Amino acid sequence: MNQEFINGMKEKLIADRNGILASLAEHNADFKRILEESTGKDSIDEAADVIDLKMLESMEMKGMQELELIDSALNRIESGKYGLCMKCGTQIPEGRLEIMPTAILCVECKSAVERQSR
């Protein structure tokens, strides 16, 4: 895999990471706002706030999971293992990495894992 492609993927991963961090910071501000405004509301408004908080919590968990995947991919770039299948060691095609920059398995190994989990 050529260094230009890897550098481009690193830039994309860093941009994605920064976007997720900004989103998490925004969600944190939304959490604080909902909690601060929750006093003195009727039960319907409180129920709506609980739903909003659960939704924000779910979005935050998803964002944290995405951050872990991105950090792992960035670590693989630094260690020279980016683009190698973690199961069989073959090169993951650039097209797959462009679509899924955090991919750790080639298509064949990913398919095998999915078949086993059914």
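Couple of notes before you dig in:
- Test: Ala25 is among the small types (Gly, Ala, Ser), at pLDDT 80 or above and assigned to a loop (DSSP other than H, G, I, E, B): no
- Test result for Glu78, modelled with pLDDT under 95 and of a type in the set (D, E, K, R): no
- Count of the stretch 85-118 residues which are part of a loop (DSSP other than H, G, I, E, B) and open to solvent by less than 40 Å² (accessible area, probe 1.4 Å): 7
- Residues (of a type in the set (Val, Ile, Thr) and either in contact (Cβ under 8 Å) with a residue 60 or more places away in the chain or under 21 Å from Leu84 (Cβ atoms) (or both)) located in the stretch 1-27: Ile6, Ile14
The values are calculated or read from the model by the stated rules, or taken from the named source; none is laboratory data. Being a predicted model, the structure only gives us computed values, none of them experimental. Please note: Cβ atoms are built from the backbone with ideal geometry, for glycine as well, and neighbour counts cover all protein chains shown. To get the accessible areas, we keep the full protein, side chains included, count just its heavy atoms, and leave off ligands, DNA and RNA. Shrake-Rupley method; radii C 1.70, N 1.55, O 1.52, S 1.80 Å.
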